[in-house]
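Novice: Provided herewith is a single structure, encoded as structure tokens, for subsequent inquiry.
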Amino acid sequence: MKRTFFLFLIFLWPMQASATTAHDLAALKPPELSARQASDREAVLRYRNGLREVISYVSSQPQVFPPASTKKHRLLSQEEREAVRQLWARTMDYYLALDSIAHLHADFHKLSGSEARATSFRLRYAAFLAQYRSALEFIAAARHEPGLDILLNEPMPALGIPAGSYDRFKFRFLNVARATEYTANEVLRQHYRKGDASLGAALVEDAKAVMHIGQGHGQLMTLVNAGDIVRKGSEEALFPVQAGVAEWMGDTKVYRVEKSLISAAQIAELPKRLEPGDILLERREWYVSNVGLPGYWPHAALYIGSPEERASYFGTPEVREWVKRQGEASGNFEQLLQRRYAKAQEEGARLQHGHPYRVIEAISEGVSFTTIEHSADADALAVLRPRLNRVEKALAVLRAYGYIGRPYDFNFDFRSDASLVCSELIYKVYEPLAGMKGLQLPVNKILGRLTSGPNDYAEQFDLQFGAPEQQSDLVVFLDGNESGKHAIEATLEEFRRSWKRPKWHILTQPKSASTKP
């Protein structure tokens, strides 16, 4: 009987899955498939951890997410409403990303080799469980505050989410079909026991959590939600984001691996236009680290130039006098770097694949040097030039050298200098100092933590443009076009609008750009 039921599930699976992937995993060569599965394993675990952080934050905010019904209702403050919007946008970001992985591995049964099939099944199921568990927990936490239902159903243009997203979210997960899918997956999991062991703990933990919720208030929430949906007239159980987005994302991940839209020729021209102290805003589509970060621009870096570029740029009398006041009698800025940070200066003088280091950035491996050839190998790039004198830019570069080697701040805690994220590096090297103007960069609170993001810098540029408080100028904006497979040099006006773009802007782009690269 068990074998018959299992065969029935395998037969049924293609009908349960979404549309067949345009770029079938079965067509990949074994090394390519293994690399794809390894990448998706990292992504699933990262996105799951992001959702766990969301639920943890929800649990820490009983004034917004009350644990029980109360007759004393109050209006949420503006700060609380904004925090909920940010939380929901971040949650939807994780769900869309997990959907793309689940879609990509939907046809796991077509793969050759039992290990490959088991790994793809477990990836798909891990994505499903991370979503299902978090959805049940989030909905349970929000059900006692009526104002949340209204707030979460507001449209969210930054993610392309229309009005009514929370109703659709509840319809998707408080649904008998989801419980049926969970049961079927649990049966299949017993068959595909051999596979990626790193997902095992997450699968077991999430499956137990779903079972526990289902035995408690899960069934009641499902019944109540069904009634609400009928009363509100919803006719379809759509995911809040545009139909087909997850499928398209999953397909694109396969055919555009390590291929950026900005060309090598465009990158080669950049050093001629950039100056030490310039701020790079970068976007790479399909990067695991993008998900959960707010806004269109997820990464920032500092352009420091090559040693020769710095020697020329910082060779002015004003900078030389400042260097002398820092204790370097020669007035040579490179010698000051050597005096203060000898190890970093030695490392920064090396070549990487024949190219000099011209950029300092904070990435998952920590604060480090990189080449412009590597840093600008992206899908979109904007360069902002602070309206500061060369002495202040020299100070920013000097500060950046002091951060070399510090770890990446995975906790996104601006209060500590022990570790940094990419935008935190920019914030701190340009932080105003006595006698130094610096940059007044924006700071926001996300999930209870103070942060300052690259998209905030683009927004600030737009809001300050043309006003006395404008702090920087646009040097160049290379804007990627997914369908055209290239990047164009876009206008100032387009950059000013870029911070408003949905996270998945490429889905709403014109099929081809109007200007050639």
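The values are calculated or read from the model by the stated rules, or taken from the named source; none is laboratory data. Keep in mind that this is a model prediction, so the values were computed, not measured. Neighbour counts are summed over all protein chains in view; Cβ atoms, including those assigned to glycine, are modelled from backbone coordinates with ideal geometry.
Novice: Only residues that are charged (D, E, K, R), in contact with an Asp or Glu (Cβ under 7 Å, 6 or more places away or on another chain) and modelled with pLDDT of 95 or more: list them for the stretch 387-446, please.
Specialist: The answer is Arg387, Arg390.
Novice: On to the next question. Quickly run through the stretch 366-402 and pick out the residues that are touching a helix residue (DSSP H, G or I) at 6+ places or on another chain (Cβ under 6 Å) and part of a helix (DSSP H, G or I). Talk me through it step by step, then tell me what you get.
Specialist: Residues of the stretch 366-402 that are touching a helix residue (DSSP H, G or I) at 6+ places or on another chain (Cβ under 6 Å), as a first pass: 367, 369, 372-373, 376, 382, 390-391, 394, 396, 399-401.
Listed by number, the residues that qualify are Ile372, Glu373, Arg390, Val391, Ala394, Ala396, Arg399, Ala400, Tyr401.
Novice: Let me ask another. I need every pair where a residue in the stretch 358-374 that is farther than 19 Å from Lys343 by Cα has its Cβ under 8 Å from the Cβ of a residue that is surrounded by 23 or more Cβ atoms within 10 Å (Cβ to Cβ) and basic (Lys, Arg), sequence separation at least 6 or different chains.
Specialist: Taking only residues 6 or more apart or on different chains, the pairs are Ile372/Arg358.
Novice: Return a yes/no flag: does the stretch 117-130 have any residue that is under 24 Å from Ala35 (Cβ atoms), among the polar types (S, T, N, Q), touching a Gly at 6+ places or on another chain (Cβ under 9 Å) and modelled with pLDDT of 85 or more.
Specialist: The answer is yes, given that some residue of the stretch 117-130 is under 24 Å from Ala35 (Cβ atoms), among the polar types (S, T, N, Q), touching a Gly at 6+ places or on another chain (Cβ under 9 Å) and modelled with pLDDT of 85 or more.
Novice: Within the bounds of the stretch 147-164, is there any residue that is over 29 Å from Asp24 (Cβ atoms), more than 24 Å from the chain's Cα centre (by Cα) and crowded, with 20+ Cβ neighbours inside 10 Å?
Specialist: Yes, there is a match, as at least one residue in the stretch 147-164 is over 29 Å from Asp24 (Cβ atoms), more than 24 Å from the chain's Cα centre (by Cα) and crowded, with 20+ Cβ neighbours inside 10 Å.
Novice: Exactly one condition in (1) modelled with pLDDT under 90; (2) outside any loop (DSSP other than H, G, I, E, B); (3) not basic (Lys, Arg) is not met by Asn455; state its number.
Specialist: (1)
Novice: Moving on to the next point. Taking the conditions exactly as written (touching an Asp or Glu at 6+ places or on another chain (Cβ under 7 Å) and either at pLDDT below 85 or farther than 21 Å from Ala179 by Cα (or both)), does His23 satisfy them or not?
Specialist: Answer is yes for this residue.
Novice: On the basis of being in contact (Cβ under 8 Å) with a residue 24 or more places away in the chain, of a type in the set (Val, Ile, Thr) and in a loop (DSSP other than H, G, I, E, B), does Thr70 make the cut?
Specialist: Yes, satisfied.
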